[in-house]
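The values are calculated or read from the model by the stated rules, or taken from the named source; none is laboratory data. Computed from a predicted structure; not experimentally measured. Here the Cβ positions follow ideal geometry from the backbone for every residue, glycine too, while neighbour counts run over all protein chains shown. Only protein heavy atoms, including side chains, enter the accessible area calculation; ligands, DNA and RNA are left aside. Shrake-Rupley method; radii C 1.70, N 1.55, O 1.52, S 1.80 Å.
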Amino acid sequence: MAMAPRRELLLVNPRASYFFIDLLQRVFTGNPVPYVFLILSALTPRSWGVRVINKKDVWLPGDFKAGQLVGITCLTASVTEAYRLADRFRKAGSKVVLGGPHVSARPDEALGHADSVVIGEAESAWPQILKDYEAGALQDKYLGLPLDDFFSPVFDSFLKLDPQLLSRAGIHVDRGCKYNCDFCAKLSGKCRFIKIEQVLALIQKIRDASRPFFGRKPFIVFRCDNIFSNPAYAKKLFRELAKLDVAWGANCSIDIAFDEEALQLAQASGCRDLLVGFETVHPKEYKKTDLAQIHSGEDYIKAVKAVRRHKIGVVGSFIVGFDDYRPKDYLKLLWLLLRLRLHHSLLTILTPYPGSRLFDRLKSEGRIFSYGWKRYNFLNCVFKPKHMSVTALYAWFFLVRAVSLCVSPQFIMSFIYAWVIYMLSFHASQYLIYGRF
Ligand code: B12
C-alpha cells in the first residue's frame, strides 16, 4: 500500500526590516523563538515534519522549496520582510499562511502575499487550516476566535519542551489587558488567564533544569501584557510562586504600587523587576487607569518609591510624541526621569500601529505621512506631531534619551560593550534553525 507523503510545516519568524532594530532586539532580548511557534508546533499532528527558522538574515535560492506549508508571523516592523519571503515561497510552489498582529489588523493587504491569513488567535483556527491544506482547499481568511481556555490544548506539549527553550521564551500567563490604551496595537478583547497549576508546572520544569550560578535563583520571565490585570489572580499566583524559590520579572501596571498586600506577596514570591508603562508626564490628561492616586509625575515618584521599598526594581517605559506635549513638557519628562532614578528606562516614539485607535484617529486627521511599515518600530516618527515639527520631536527624543542614559545606574559602557560582543557571538552561532519542539 502506498504511504501518504509526509507533510512539511515550515514556521518563519522574519527579522525586523531594519537591520539596526533587529540587532538591538537580538542583543537585548536573547532572540526568543516566538511563542506562537511553540503553540503551532504543539497543535500540529506528530505525523507532520516541523521546522522553525528564527530571524534568518541571509536567504539563499535553495531555501525556497515547493510542497510545504509555510506559516509566517508578522509584526508591523517585520511585515515587509515577511511579505518578501512569502512571495518567494509561493513562487517556489509552497502554500503560505500569514498571522500575527499586523495581519489581524490588515488582512486584505496580507492576502496579497499569502494563500490564507488568520485574523486573531491561532488556537481556534489552526486545526481547520491543516485539514483544509491536506484537502487542497485552503480558504482565504480564517477567523481565530479567542478561546477562554486557550492554553489547555497545548499544555502537555509545553511540558515536554526543552527547559532552556521554555525559559528563554518566557511564560505568557494572560491574553488581553484590563486597560484599553489607544496606542496599543493588540486587539485586546477580554482578559483571560492560564490556570495557575499550569504556570507552576512550567516554572517547576525550568527551575528543576537550571543550574544555580553562585547561589542565584532561577529567573523566570513572564512575557505577559500585565501581570496585575486581575489582582486576585496575581495574588494567588504570587502566594504559590513563593513556594517555588525562584526570581521573576514581568510587565505590570502601576496600580500594584497602591496595593500593599500585592507588593508584599510579590516580594516574598521573588519578584525582582517590574516593567511599568508610565507613558506620559500628563497621566491625568492621557488617562489610562482610573487610579485616584495618580494625577501627576509626583505621584509616579511616590508609586516607584512604594515598589522599591519592597526591593523590587522598576523599569519605566515612556512615550514621546503625545498631542499634548509642547517643548516644556519634554523638559518636565527629563526632570521626572532624573528624579525617578529608575533601574532602567525605555523611551520610544509614539507609533500608530495598524489596529490601534491611534492609527484610525491620526489617519482620519491626515497626519500619518509614512505607511512604510518597516519604519513602525518605535524609533521612527511616522506622523506629524501636534505642536512641533518632526525634526524637533527627534531632537527632544534623542536629548531626553541621552541624558536619561547618562544618569542611569546601568550606564557602564565597558560592561555594555562586553555584553554586546558576548551576545553577538552567542547569537551568531545559535538559535537560527530548530526542528519540531
Ligand atoms: C514578547 C514580545 C516581544 C519579544 C518577542 C517577539 C516575538 N515575535 O515573539 C521582543 C522583545 C523581541 C519584541 C520585539 C518587538 N515588539 Co513586541 N511584543 C511582545 C509581546 C509582549 C508578547 C508577544 C507574544 O508572544 N504574545 C503571545 C502570542 C501567543 O501572541 P501573538 O504573537 O500575537 O500570536 C497570536 C496571534 O497573533 C496569532 N499568530 C501570530 N503569528 C501567527 C502566525 C501564524 C502562521 C498563525 C496561523 C497565527 C499567528 O496566533 C497567536 C496565538 O493566538 C507583545 C504583546 C502581546 N500581548 O502580544 C508585544 C508586541 C507583539 N510587540 C510589538 C512591537 C511593536 C515590537 C517591536 C517593534 C518593538 C521594538 N521597537 O523593538 C519589536 C519588533 C520585533 C520584530 N521581530 O520585528 C507590538 C506589535 C504591534 C504590531 N502591530 O506589530 C505588540 C503587540 C505590543 C503592543 N501591544 O503594541 N516583542
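Do the conditions hold for VAL221, that is, is it of a type outside the set (Phe, Trp, Tyr), under 30 Å from GLY144 (Cα atoms) and open to solvent by 30 Å² or more (accessible area, probe 1.4 Å)?
On the way: of a type outside the set (Phe, Trp, Tyr): yes; under 30 Å from GLY144 (Cα atoms): yes; open to solvent by 30 Å² or more (accessible area, probe 1.4 Å): yes.
In short, yes.
Of these, LYS217, LYS131, LYS160, which one is among the basic types (Lys, Arg) and within 27 Å of ASP273 (Cβ to Cβ)? Give the steps one after another, and end with the answer.
Details: LYS131 fails: within 27 Å of ASP273 (Cβ to Cβ); LYS160 fails: within 27 Å of ASP273 (Cβ to Cβ).
Selected residue: LYS217, the only one of LYS217, LYS131, LYS160 that is among the basic types (Lys, Arg) and within 27 Å of ASP273 (Cβ to Cβ).
Taking the conditions exactly as written (more than 30 Å from PRO352 (Cβ to Cβ) and open to solvent by 10 Å² or more (accessible area, probe 1.4 Å)), does LYS236 satisfy them or not? Reasoning before the result, please.
On the way: more than 30 Å from PRO352 (Cβ to Cβ): yes; open to solvent by 10 Å² or more (accessible area, probe 1.4 Å): yes.
Considered against the rule, which asks whether it is more than 30 Å from PRO352 (Cβ to Cβ) and open to solvent by 10 Å² or more (accessible area, probe 1.4 Å), LYS236 comes out as yes.
So that you can scan it fast, the table gives a plain yes or no per residue for (1) modelled with pLDDT under 90; (2) aromatic (Phe, Trp, Tyr); (3) touching a Lys or Arg at 6+ places or on another chain (Cβ under 9 Å):
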{"residue": "PHE19", "(1), (2), (3)": "yes, yes, no"}
{"residue": "GLY49", "(1), (2), (3)": "no, no, yes"}
{"residue": "THR80", "(1), (2), (3)": "no, no, yes"}
{"residue": "ASP87", "(1), (2), (3)": "no, no, no"}
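In segment 371-387, the residues that are under 9 Å from SER17 (Cβ atoms) form Cβ pairs under 6 Å with partners that are open to solvent by less than 30 Å² (accessible area, probe 1.4 Å), at six or more places apart or across chains, as follows: TRP373/THR76; TRP373/VAL79; LYS374/SER17; ARG375/VAL382; ASN377/ILE21; ASN377/ALA77. Summed over segment 86-121, the residues that are open to solvent by 30 Å² or more (accessible area, probe 1.4 Å) and touching a Cys at 6+ places or on another chain (Cβ under 8 Å) give a count of 1. The residue that is farthest from the ligand (Cβ to nearest atom), counting only those in segment 122-131 that are over 24 Å from ALA185 (Cα atoms) and open to solvent by less than 40 Å² (accessible area, probe 1.4 Å), is LEU130. Quick check on segment 9-27: of everything there that is within 8 Å of the ligand (Cβ to nearest atom) and hydrophobic (A, V, I, L, M, F, W, C), which residue is most open to solvent (accessible area, probe 1.4 Å)? Residue satisfying both the conditions and the ranking: LEU24. Go through the residues of segment 332-348 one by one and say whether even a single one is open to solvent by 20 Å² or more (accessible area, probe 1.4 Å) and of a type in the set (Val, Ile, Thr). Within segment 332-348, one or more residues are open to solvent by 20 Å² or more (accessible area, probe 1.4 Å) and of a type in the set (Val, Ile, Thr). How many residues does segment 147-194 hold that are in contact with a His (Cβ under 9 Å, 6 or more places away or on another chain) and modelled with pLDDT of 90 or more? Within segment 147-194, residues that are in contact with a His (Cβ under 9 Å, 6 or more places away or on another chain) and modelled with pLDDT of 90 or more number 2.
Please find, within segment 393-408, the residue that is least open to solvent (accessible area, probe 1.4 Å) out of those that are more than 24 Å from CYS184 (Cα to Cα) and assigned to a helix (DSSP H, G or I). Show your work before the answer.
The initial filter retains those residues of segment 393-408 that are more than 24 Å from CYS184 (Cα to Cα), namely 395, 399, 402-408.
Filter once more, keeping what is assigned to a helix (DSSP H, G or I): 395, 399, 402-406.
Values: ALA395: 61, LEU399: 81, ALA402: 49, VAL403: 46, SER404: 8, LEU405: 59, CYS406: 89 Å².
Among those residues, the one meeting the criterion is SER404.
In segment 45-72, the residues that are closer than 12 Å to LEU9 by Cβ form Cβ pairs under 6 Å with partners that are part of a strand (DSSP E or B) and acidic (Asp, Glu), at six or more places apart or across chains, as follows: GLY49/GLU8; GLN68/GLU8.
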